[in-house]
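The values are calculated or read from the model by the stated rules, or taken from the named source; none is laboratory data. Remember, it's a predicted structure, so these values are computed and weren't measured experimentally. Neighbour counts run over all protein chains shown; Cβ positions are idealised from the backbone, glycine included.
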Amino acid sequence: MNKIRTRFAPSPTGLLHIGSLRTALYAYLFAKKNGGDFILRIEDTDQKRNVPGGVKYLMETLKKFNLNWDKDPYIQSEHLEVYKKYAEQMVASGDAYYCFCDQERLDESRKKQVAEKKAPMYDQLCRRNSTPEEIKKNMENRCPYTIRLKVPENRVIVFDDVIRGKVRIESSNIDDQVLLKSDGFPTYHLANVVDDYLMKITHVIRGEEWLPSTPKHVLIYEALNWESPKFVHLSLLLNADKSKLSKRQGDVAVEDYLAKGYLEEALLNFVALIGWNPGQGSTQEVFSLQELIKYFELEKVHKAGAVFDPKKLDWINSQYIKKLSIDELYQKAIKFLEQKEFFQKAPTEKKSEEYIKKILQIEQDRLENLFSVGESSQFFFQDLEYDKNLLAWKNMSGEEIKNSLEKAQKILEEVSGLEWRKDSLEKIMMEKAGAQRGELLWPLRVALTGEKKSPSPFEVVWVLGKEESLKRLEAAISRL
RNA sequence: GCCGCGUUCGUCUAGUCUGGUCUAGGACGCCAGGUUUUCAUCCUGGAAAUCAUGGGUUCGAAUCCCAUACGCGGUACCA
């Protein structure tokens, strides 16, 4: 049996779509699961749509996700002569033909067909009418031409899809597809087939949008006398309204999600689970790349399209954030924090790595994405502003609040530097509070944070340190 | 229009090939309660699918067959 080999074949047209990431992941998982190769191939055959730097961006993005490809990336535009050779070979064998129709005529004919409610297809003028002499003359006059697939008449084309089983379509429904464009570049259909064959791709794993053109590809394999690879068409990612996931209804680029502070591992995990799960009653939801490789099976990939649920992504992301060490969290979060205005304005001593790491320890269980880091912890970075009424727990009077704050002051003053740890601070304060928890803890917490909701006062005190904590208590008392 | 693919809780899904153990299980989200102050985490519980609809086959169907509906994709010298 041949070595398994899959490929991810994006076009460098800009950003990487989240659905393409999933396609790449599945192709990668399947290859790795079977000890095969995963190839990166750049399909840059449309000169109009290529974006400068697109290839570099694609490679960098895949690397971020650890979707490492084997061998050097293959760039289609560097192999134009190969496609041309096979196109010519197909003309010679009678499986393709030259077409000299210009765009204008094609457009007109198409318009007419649509008006007549017929399927818009090439009317095969050049297939029926061109004589060898005409072709020769056109060539000598350097007439622009394309090479089209000569789709056989009255045939049923059948192929087997790994996920969907047998798919059949009548040849009368298949257009005489252009294989080689007039600019000398191949179309997707030709380039794809030629490269998949030459690169010994065993499994063509791609989006469902390619299913309808697969019969054309089958015809090309036949014409060239090549064995077809296995076809695997993946269902699409959908918007909440079940339409194909699109920019109109939110972010679709991988880059957007990274910018919002989703971790690569979490995104990959999430995307893997849309339309796939290990089955057999497994309830596991969090998978490392290695685990995905271990459990992945193409046969378990769903046929139906699946809605992209951002809420579940949030949850998975939070699971990954919780697992990070503080050093890792700091490394990943700091660049998001540095973008925040409240952070930029903070005094230098509140920007130290040590201080931020303490805050991150408190935030770790609360974060769904890294973009929002620090947003609920702004009180750590700036002077407080709050309504003094907020200091009251239930119906406490001003006098009671004052007493409570002074008591808190006294407790904190007595805590030694050695005991200034989260756990011992909690223990000490809970002991001193006795039955009066709310009375002591609520005013203290508000004095420290100025917020109705916040982490516990023990944690906040621990981060702020003795000096700053006492200062904030003093400020609260003077407000009363 | 034509061609193709699909259809289990709001969403992601298990179960479908090898019909009975499915009075359909899990997760996210939602709701309620608990976790020695609030928030979050965590824990417990709950609501939530007549398995798209209709017809077969069968003692028995989410599971097999057919039809219909709906959704999606394709229909380019774009990929």
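Some notes on this structure:
- Long-range neighbours under 9 Å by Cβ, at least six apart or interchain, first residue on the phi > 0 side of the Ramachandran plot within segment A:278-299, second not in a helix (DSSP H, G or I): A:279/A:297
- Just one residue in the set A:48, A:111, A:63, A:84 is charged (D, E, K, R) and closer than 20 Å to residue A:6 by Cα; that residue is A:63.
- Check on residue A:144, under 19 Å from residue A:185 (Cα atoms) and more than 37 Å from the chain's Cα centre (by Cα): yes
- Taking segment A:71-173 as the region of interest, the helices (runs of 4 or more DSSP H) fully inside it that hold 3 or more residues being over 27 Å from residue A:41 (Cα atoms) and more than 15 Å from RNA strand B (Cβ to nearest atom) are A:132-140.
- Selection of segment A:79-123 for residues being modelled with pLDDT under 95 and charged (D, E, K, R) yields A:102, A:104, A:105, A:107, A:108, A:110, A:111, A:112, A:116, A:117, A:118, A:123.
- Residue within segment A:282-295 that is more than 15 Å from the chain's Cα centre (by Cα) and near RNA strand B (Cβ under 7 Å from one of its atoms) present: yes
- The residues in segment A:249-284 that are under 14 Å from residue A:21 (Cα atoms) and in a helix (DSSP H, G or I) can be counted, and the count is 15.
- Options A:358, A:335; residue that is assigned to a helix (DSSP H, G or I) and in contact (Cβ under 8 Å) with a residue 60 or more places away in the chain: A:358
- Being within 16 Å of RNA strand B (Cβ to nearest atom) and more than 24 Å from residue A:299 (Cα to Cα) is a property that residue A:12 has.
- Counting the residues of segment A:303-329 that are buried (at least 18 other Cβ atoms within 10 Å of the Cβ) and of a type in the set (Val, Ile, Thr) gives 2.
- Residues that are among the charged types (D, E, K, R), within 28 Å of residue A:18 (Cα to Cα) and surrounded by 17 or more Cβ atoms within 10 Å (Cβ to Cβ), drawn from segment A:162-207: A:195, A:196, A:206
- Test: residue in segment A:219-229 that is surrounded by 15 or more Cβ atoms within 10 Å (Cβ to Cβ), charged (D, E, K, R) and either modelled with pLDDT of 95 or more or closer than 22 Å to residue A:82 by Cβ (or both): no
- Residue that is touching a residue at least 60 places away in the same chain (Cβ under 8 Å), within 18 Å of residue A:207 (Cα to Cα), assigned to a strand (DSSP E or B) and not hydroxyl-bearing (Ser, Thr, Tyr), where the choices are A:41, A:22: A:41
- Within segment A:123-147, the only residue that satisfies the criterion of being in contact with a Leu (Cβ under 8 Å, 6 or more places away or on another chain) and either of a type in the set (A, V, I, L, M, F, W, C) or over 19 Å from residue A:92 (Cβ atoms) (or both) is A:147.
- Output for segment A:228-249, where each listed residue is more than 8 Å from RNA strand B (Cβ to nearest atom), in contact (Cβ under 8 Å) with a residue 12 or more places away in the chain and not aromatic (Phe, Trp, Tyr): A:228, A:229, A:230, A:232, A:234, A:237, A:239, A:245
- Within segment A:300-326, being in a helix (DSSP H, G or I) and without any contact (Cβ under 8 Å) to a residue 12 or more places away in the chain holds for A:311, A:323.
- Candidate set: segment A:258-275, residues that are at pLDDT 95 or above and not aliphatic (A, V, I, L, M); chosen: the one farthest from RNA strand B (Cβ to nearest atom): A:264
- Spans of helices (runs of 4 or more DSSP H) in segment A:397-476 with at least 2 residues surrounded by fewer than 18 Cβ atoms within 10 Å (Cβ to Cβ), modelled with pLDDT under 95 and within 9 Å of RNA strand B (Cβ to nearest atom): A:422-433, A:437-449
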